[in-house]
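The values are calculated or read from the model by the stated rules, or taken from the named source; none is laboratory data. Only a predicted model underlies this, so the values are computations on that prediction, with no experimental measurement involved. Every residue, glycine as well, gets a Cβ built from its backbone with ideal geometry; the counts of neighbours run over all protein chains shown. The area values use the complete protein model at the heavy-atom level, side chains included, leaving out ligands, DNA and RNA. Shrake-Rupley method; radii C 1.70, N 1.55, O 1.52, S 1.80 Å.
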Amino acid sequence: MSSLTPETSVRRAWWRRLFAQSPTVLAGLAILLGFVVGAFVIIFTSPVVLRSWRHIFSSGGAIFSALKITADNVGAAYRAMFTGSVISPNLLWHSLSTGHGWSTTLTPLSETLTYATPLLIASIGVGIAFQTGIFNIGANGQAIMGGIGGAAVGSMIHVPMGLHLPLTLLAGVLGGVVVGLVPGLLKAYTGAHEVIVTLMFNYVVAAFLIFAVLSTPLQQPGQSNDISRTIDGSAQLPPLFGVASGLRVSYGIFVAAAVVIFAWWFLERSSLGFEFRVTGQNPQAARASGINARFIIIAVFCVSGGLAGLAGTVQMQSTTHYVDGGFLIGNAGIGFTAITVALLGRNKPVGIMWGSILFAALGVGGRAMQAATGIPLDLATIIQSFVVLLVATPVMITEIFRLRHVSTQRIQLATQGWGS
Amino acid sequence: MSVSTLVSTARPARDRRTTTIGLIMVAIGLFITIAFGLMVPGWAHSQLTFDPINSAVHAPWHLGALTVVTRWSDVVLGLLAIALGVEVVLRHPRRALSRFGVTSVLFLLALLLWSSRTSGPASVNFVDLTAVLVGSSSLAMVLIYGSLSGVMCERAGVVNIAIEGQFIVGAFLGSMIESTTGNFWFATLAGALAGALLGWVLAFLALRYMSDQIIVGVVIVTLMSSLSSYLNLQVLTPYPQYNLGNLAPNVAIPLLYKIPVLGPVLFNQTGFFYLAVALIALVSFGLFRTRWGLRVRAVGEHPKAAESVGINVVATRYRNVVLGGAIAGIGGVAFMATQGQFQPGYTSGFGYIALAALIFGRWTPSGAVVASVLFGISSYLANNLQSYSIPVSTEVLNMFPYLITIAVVAGLIGRVRPPAADGIPYQRS
């Protein structure tokens with residue numbers, strides 16, 4: 001930026017800005033390329049499409065029919081993804097013209113926001129860690145523990161809602177803090193690399209989840225399945241438009257909004273947040289100015305783990321109201337998606353907000369696509385991975401699209417080597 | 001240069017850590033002596049057998065079962081562990097780590113004796129030592145492939161956290177190719193090529209575009225696990241003939257396989273096992289005895305100095321990461337060839353455990369092998385101890401390999417020093 005004089009930046013026309021290397025443009029192009037790659041994955045795994053291409057030389061028009069079949073298949077998949085996660089034009093028209101059926105029309109949007117809520121909270125936790133130079137891959141384990149904590153307090157304590165709801169949320173935060181604290185302490189005092197420790201904790205917590213929902217205090221009485229007690233109504237995050245609306249989007253989005261505001265304030269205005277960022281950008285300078293590196297490591301794991309735990313309990317309190325053996329396991333997990341969202345949003349609260357809505361839409365739309373076209377849901381994760389791979393290599397996108405360099409960035413790593 | 005660099009300057013001297021290790025060993029010894037030994041009634045007996053369970057491998061020399069008094073044999077094992085711990089505390093030997101390894105083996109042996117005691121809770125009232133070792137060896141073999149891959153990459157200064165992804169792609173392609181061609185050579189080749197390709201992607205992004213190596217590695221793993229799950233649903237489920245999951249046949253080495261206990265473990269294995277052994281020797285010799293190895297290590301420690309004497313840093317790193325990827329890819333095929341049919345997610349973090357083995361082994365091939373063997377045994381026991389009705393739930397046992405990994409990475413083993421330029425992008429100035 002320093003090379004630009006104020007006049008040129010003012011005079012810069014919008015189309016020139018469009019081809020400049022700005023974070024938003026880079027993210028947009030990465031998303032575009034991700035969808036292109038997804039289309040190729042669909043093409044190469046759909047027998048119908050492949051068969052149509054096998055015969056393109058048999059007749060003159062065959063190549064056009066092959067192109068049409070390809071476009072139809074890819075189009076159907078992406079259309080199902082869109083209508084399943086945002087809105088279906090037909091239903092919208094129907095609702096607008098008749099005034100009925102709004103709950104069906106708005107269900108996709110509500111589902112997207114329902115999934116975006118915990119994802120946003122967890123991603124902000126990961127993003128704060130990234131800003132401090134810490135890679136927290138363990139968000140999923142921390143979120144699971146948050147869900148367990150929330151389920152325990154929500155189902156076993158019986159107090160009025162005004163007290164119960166905050167207590168349950170707090171229990172989730174504490175669950176996440178407990179799981180996050182161990183890697184933090186180990187890194188601070190023994191130098192153990194957080195990537196391996198937090199990853200291993202994901203497996204440990206997944207095993208603990210099964211243990212917890214199969215053991216006496218938490219397991220649903222009279223059940224032999226891996227399912228916990230259901231939390232009281234006073235601990236649930238109620239649906240925003242009432243139970244009757246059938247829309248699942250809950251008051252959890254206010255929790256998420258509060259987290260965004262908190263994170264912005266924390267990183268930009270608080271002194272601890274400042275110390276976090278200084279440590280992330282220049283550990284030497286941080287140490288020279290008297291910042292206690294060991295304390296910062298432990299603190300960042302508490303904040304990051306606590307937010308992940310909050311994400312887990314919000315997920316549980318607003319959707320299922322219990323945890324079972326499959327809670328946030330496998331495809332349902334949010335930890336890895338949270339990493340990708342944090343990277344996509346450049347670890348900034350607002351960027352993360354847009355990123356989490358987008359990736360939640362991808363996930364929800366992926367489910368709809370699987371139901372409609374039979375293309376597996378994993379396509380959404382494949383697209384997400386590609387997007388992040390591209391976002392993590394901005395230089396490559398700049399070269400592919402021949403964007404103008406705005407600034408030559410110093411190489412800044414989000415993570416560190418094995419340490420010592 | 002990292003946060004932990006700053007912390008490390010304030011670290012206590014290494015001696016205190018050695019003392020801690022010794023005290024932990026003494027505690028383990030006391031636990032064995034009391035819980036597994038003195039608390040067992042004096043009349044309980046344990047049985048150790050030595051014949052392989054696999055009846056196809058007839059034991060040429062039948063060894064009778066060894067029956068011992070549980071209490072006193074476990075007391076002896078416990079006292080041995082205490083003695084080792086006391087020695088570590090008092091003398092601070094240089095090889096405290098290997099003594100800790102011995103102690104963990106003593107612990108596992110005592111646990112096996114204790115769990116198989118007569119009139120104990122177990123349905124199986126004997127321990128087949130050979131079966132335990134054979135089962136562990138196939139897991140250890142996979143970890144050896146993974147950690148050798150890590151040695152190759154990290155000695156050249158690139159962190160390869162994508163080993164798990166290379167395992168997945170190797171296992172997936174290995175199963176497909178083996179099922180269609182019926183030939184493990186082709187499967188191995190395909191796995192090696194796919195692993196090398198992933199290694200190249202990592203190297204390309206890390207070396208050309210200077211991306212964050214750990215992030216790229218993690219994303220490659222995510223990508224491979226989702227892609228394999230996607231293809232599993234799209235291709236393998238509708239066409240099960242592409243995922244037969246045949247196990248690789250054992251190749252017995254003449255004469256040697258007849259050695260009791262050691263024979264079935266070391267000389268009657270799949271070709272993948274012998275290949276792993278050959279690779280250990282090759283990587284070990286190559287890194288420390290050849291000009292190539294010296295150059296690789298120079299690139300990993302001080303790339304600027306290496307460049308100044310005319311070594312091509314970027315080319316060396318590319319070559320090593322691609323080779324390392326190929327090794328991990330073969331590891332994936334080996335996993336499939338010993339564990340059966342491909343399923344999404346069935347490598348369950350083995351790639352990361354291999355990384356931990358690499359750290360435990362202090363970035364040397366031989367150390368990584370020792371660590372892999374320890375991890376292999378503990379993983380195998382965690383998966384199989386249920387059959388001995390240990391009064392610990394399955395879920396808690398399943399946490400074990402991961403907890404051990406954490407303990408290891410947390411520097412139970414003392415301060416480890418990675419290659420100096422590990423994970424740091426190289427820019428020619």
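For segment B:282-306, the candidate set comprises residues that are surrounded by 17 or more Cβ atoms within 10 Å (Cβ to Cβ) and aliphatic (A, V, I, L, M); within that set, the residue that is farthest from B:Gly146 (Cα to Cα) is B:Ala306.
If I filter segment A:237-252 for residues that are open to solvent by less than 70 Å² (accessible area, probe 1.4 Å) and over 25 Å from the mean Cα position of the chain (by Cα), do I get at least one hit? Talk me through it step by step, then tell me what you get.
First, pick out the residues of segment A:237-252 that are open to solvent by less than 70 Å² (accessible area, probe 1.4 Å): A:237-240, A:242, A:245-247, A:249-250, A:252.
Remaining after also requiring over 25 Å from the mean Cα position of the chain (by Cα): A:242, A:245.
Scanning segment A:237-252 turns up at least one residue that is open to solvent by less than 70 Å² (accessible area, probe 1.4 Å) and over 25 Å from the mean Cα position of the chain (by Cα).
Here B:Leu279 does not fit the description of being assigned by TED's automatic domain parsing to the domain that holds B:Gln341, open to solvent by 60 Å² or more (accessible area, probe 1.4 Å), within 19 Å of the chain's Cα centre (by Cα) and closer than 22 Å to B:Gly376 by Cα.
Filtering segment B:58-116 to residues that are among the aliphatic types (A, V, I, L, M) and within 22 Å of B:Ala382 (Cα to Cα) leaves B:Leu77, B:Ala81, B:Val102, B:Val105, B:Leu106, B:Leu108, B:Leu109, B:Ala110, B:Leu111, B:Leu112, B:Leu113.
Picking from residues in segment A:390-403 that are within 7 Å of chain B (Cβ to nearest Cβ) and farther than 15 Å from A:Gly355 by Cβ, the one that is most open to solvent (accessible area, probe 1.4 Å) is A:Val395. The residues in segment B:163-214 that are outside any helix (DSSP H, G or I) and either of a type in the set (Lys, Arg) or closer than 24 Å to A:Gly133 by Cβ (or both) can be counted, and the count is 4.
For segment A:375-385, the set of residues classified as in contact with a Gly (Cβ under 8 Å, 6 or more places away or on another chain) and more than 7 Å from chain B (Cβ to nearest Cβ) consists of A:Leu377, A:Ala380, A:Ile383, A:Gln384, listed by residue number. Set side by side, the residues A:Thr105, A:Thr117, A:Thr168 differ, and just one is touching a Ser or Thr at 6+ places or on another chain (Cβ under 6 Å) and assigned to a helix (DSSP H, G or I), which is A:Thr105.
When segment A:289-326 is filtered for residues that are part of a loop (DSSP other than H, G, I, E, B), within 14 Å of chain B (Cβ to nearest Cβ) and either open to solvent by 50 Å² or more (accessible area, probe 1.4 Å) or at pLDDT 90 or above (or both), the ones remaining, listed by number, are A:Ser289, A:Gly290, A:Ile291, A:Asn292. Residue-level analysis places B:Phe167 outside the set of residues that are closer than 19 Å to B:Leu227 by Cβ, within 14 Å of chain A (Cβ to nearest Cβ) and not aliphatic (A, V, I, L, M). Of the residues making up segment B:54-96, those that are β-branched (Val, Ile, Thr) and either out of contact with any strand residue (DSSP E or B) (no Cβ under 9 Å at 6 or more places or on another chain) or modelled with pLDDT of 90 or more (or both) are B:Val75, B:Val76, B:Ile82, B:Val86, B:Val88, B:Val89. One residue is enough: does segment B:271-290 have a residue meeting the conditions more than 30 Å from A:Ile334 (Cα to Cα), within 14 Å of chain A (Cβ to nearest Cβ) and in contact with a helix residue (DSSP H, G or I) (Cβ under 8 Å, 6 or more places away or on another chain)? Among the residues of segment B:271-290, not one is more than 30 Å from A:Ile334 (Cα to Cα), within 14 Å of chain A (Cβ to nearest Cβ) and in contact with a helix residue (DSSP H, G or I) (Cβ under 8 Å, 6 or more places away or on another chain), which makes the answer no. Taking the criterion of being within 14 Å of another protein chain (Cβ to nearest Cβ), of a type outside the set (Lys, Arg) and over 20 Å from the mean Cα position of the chain (by Cα), the residues of segment A:149-190 that qualify are A:Leu181, A:Val182, A:Pro183, A:Gly184, A:Leu185, A:Leu186, A:Ala188, A:Tyr189, A:Thr190.
Quick one: in segment B:239-264, which of the residues that are over 23 Å from B:Glu178 (Cβ atoms) and under 22 Å from the mean Cα position of the chain (by Cα) is surrounded by the most Cβ atoms within 10 Å (Cβ to Cβ)? Filtering first and then ranking leaves B:Pro264. Every test in (1) away from chain A (no Cβ under 13 Å); (2) over 19 Å from the mean Cα position of the chain (by Cα) is passed by B:Leu236 save one, and that test is (1).
So, B:Ile34, is that one open to solvent by 60 Å² or more (accessible area, probe 1.4 Å), farther than 30 Å from B:Tyr257 by Cβ and either part of a helix (DSSP H, G or I) or modelled with pLDDT of 80 or more (or both) or not? I'd like the intermediate steps shown before the answer.
Details: open to solvent by 60 Å² or more (accessible area, probe 1.4 Å): yes; farther than 30 Å from B:Tyr257 by Cβ: yes; either part of a helix (DSSP H, G or I) or modelled with pLDDT of 80 or more (or both): yes.
Considered against the rule, which asks whether it is open to solvent by 60 Å² or more (accessible area, probe 1.4 Å), farther than 30 Å from B:Tyr257 by Cβ and either part of a helix (DSSP H, G or I) or modelled with pLDDT of 80 or more (or both), B:Ile34 comes out as yes.
Taken residue by residue, segment A:17-40 has at least one member that is at pLDDT below 85, surrounded by fewer than 15 Cβ atoms within 10 Å (Cβ to Cβ), of a type in the set (S, T, N, Q) and assigned to a helix (DSSP H, G or I).
Filtering segment A:109-136 to residues that are within 11 Å of A:Gly335 (Cα to Cα), of a type outside the set (A, V, I, L, M) and more than 14 Å from every other protein chain (Cβ to nearest Cβ) leaves A:Pro118, A:Ser123, A:Gly125. The residues of segment B:317-352 that are of a type in the set (Val, Ile, Thr), surrounded by 23 or more Cβ atoms within 10 Å (Cβ to Cβ) and part of a helix (DSSP H, G or I), listed by number, are B:Val321, B:Ile327, B:Ile330, B:Val333.
In the set (1) part of a helix (DSSP H, G or I); (2) crowded, with 24+ Cβ neighbours inside 10 Å; (3) at pLDDT below 95, A:Ile134 fails one condition alone, (1).
Residue count for segment A:336-373, restricted to those that are open to solvent by less than 40 Å² (accessible area, probe 1.4 Å) and at positive phi: 1.
Annotation note: Cβ proximity below 8 Å between a residue of segment B:250-276 that is on the phi > 0 side of the Ramachandran plot and in contact (Cβ under 8 Å) with a residue 12 or more places away in the chain and a residue that is in a helix (DSSP H, G or I) and open to solvent by 20 Å² or more (accessible area, probe 1.4 Å) (sequence gap 6+ or interchain) occurs for B:Val261/B:Leu129; B:Val261/B:Leu133.
Conditions (1) open to solvent by 60 Å² or more (accessible area, probe 1.4 Å); (2) modelled with pLDDT under 90, marked per residue:
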site	(1), (2)
A:Gly154	no, no
A:Gly162	yes, no
A:Gly172	no, no
A:Val179	no, no
A:Leu185	yes, no
A:Tyr189	yes, yes
A:Val205	no, no
A:Ala212	no, no
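May I ask you to verify whether B:Tyr230 is open to solvent by 10 Å² or more (accessible area, probe 1.4 Å), aromatic (Phe, Trp, Tyr) and within 14 Å of chain A (Cβ to nearest Cβ)?
Values: open to solvent by 10 Å² or more (accessible area, probe 1.4 Å): no; aromatic (Phe, Trp, Tyr): yes; within 14 Å of chain A (Cβ to nearest Cβ): yes.
Judged against the criteria, B:Tyr230 is not a match.
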